[in-house]
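Participant: Before anything else, here's the structure in question.
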Amino acid sequence: MERASPVSLEQMMRKVGTVIVLLGGASLWFIGTLAAQAPPPPSTGRAAAAKTAASGPRVYANLGQLMKGVLFPNSNVIFFAQSGDPTKVPQAKDAATATDPLANSYGGWQAIENSALALSEAANLLIIPGRKCANGRPVPSGNADWGKFVQGLRDAGDKAYKAAQAKDMDKILDAADTMTTACSNCHDKYRETPTPADRCK
């Protein structure tokens, strides 16, 4: 039986080097595979700003349209409860498609609650940057009194909501008075002008 030739140190080092190269290549392949499967890094710079702008609040209506579409109809629901009992408003024949909040599927005192909350939420819409008045002027949201008027609307909505939860018509009278004052303060300053072109000055 022949004895194996002794392996020289140089041969051993070559074999070890080959193993290291093979292991290194496998490691790089594995890291590359993980990188390909990893989610992309978060956007930076202009792309991030554009993404934030796209997901942020947007302005669709001018102030007049916002008043007619949100504040006017919801205020009237609350004003109704000054003299009428919300629970005595008959539900519409097809309550699911009724346009009167007091007669639809969410009528009664819940309709008062919902309108009160809508007014409080609408206060946030009055301070979104970029909104314009119906005449094209920017909403004067930078004016100190504008912030006070907006807060007055929030207070009125909050008061009406609590009154509706309590189903208390006396408290609704107080809330409606707060709401009338909030609306009048703003209208007297920015709406009741000689011509529509002078509004929001």
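Computed from the coordinates by the stated procedures, all read-outs in this text should not be read as laboratory data. Just so we're clear, the structure is a prediction, and the values are computed from it rather than from any experiment. Methodologically, a virtual Cβ is constructed for each residue, glycine included, from the backbone with ideal geometry; neighbour enumeration extends over all protein chains shown.
Participant: State the number of residues belonging to region 80-103 that are more than 21 Å from A166 (Cα to Cα) and of a type in the set (S, T, N, Q).
Facilitator: Number of matching residues: 3.
Participant: For region 164-193, what are the residues that are within 23 Å of R131 (Cβ to Cβ) and not polar (S, T, N, Q)?
Facilitator: M179, A182, C183, C186, H187, D188, K189, Y190, R191, E192
Participant: Provide a single number: the residues in region 88-116 that are at negative phi and either in contact (Cβ under 8 Å) with a residue 60 or more places away in the chain or assigned to a loop (DSSP other than H, G, I, E, B) (or both).
Facilitator: Residues that pass the stated criteria total 17.
Participant: Just for region 58-81: of the residues that are of a type outside the set (G, A, S) and exposed (fewer than 15 other Cβ atoms within 10 Å of the Cβ), which one is nearest to the chain's Cα centre (by Cα)?
Facilitator: My answer is R58.
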